[in-house]
1. Using amide H atoms built in the peptide plane, which far-off residues or other-chain residues are under 5 Å from residue 43 H to H?
2. So for the pair residue 121, residue 133, with labels modelled 7 Å out along Cα→Cβ, what separation do we get in nm?
Amino acid sequence: NSTTRSILVDLGLSETSEIGKQATHTSGTPPYISPESWSCKPQGTKSDTYSFGIMTHEMLTGGVILANPNNKDGSWNKANIQMRMTQDITASPNDYSPLIPLQARQQIATLVNSCLKCNPDQRISDDNLINQLNEIKKTIK
């Protein structure tokens, strides 16, 4: 039918840990896993920030960022994953619908790019992420 529905699902795959404790094993869905997770390096909230950037881009474009153009289903391959481990992913305001005001598209691209830095120390902080989301909300209103 012509009705579009969005559904957010928590599959319960995450696990809780002590505050300050970092995960040290890789698990998850390949397109959403951070570079440090793929490298089996310590993971923390910055890994979640990376995944948030991937999800935000996907929700606003309907496509997986850096999908393999050679695979008709848009799936990933080893080269995609290796590239993500060494290069920052860059979104552009042109990636997003022209129905979104240009200033908001620019803000969204900046936010997504700040989430998708290869180096977790270069990713946006939680507080700044929330502040940027609030600024985007103001722009869209």
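Just so you know, all these numbers are worked out from the coordinates, no wet-lab data involved. Model, not experiment: these values are computed from the prediction. In this analysis, Cβ positions are derived from the backbone assuming ideal geometry, glycine residues included, and neighbour counts consider all displayed protein chains.
1. Under 5 Å from the amide H of residue 43 lie the amide H atoms of 23, each far enough along the sequence or on another chain.
2. It is 2.7 nm.
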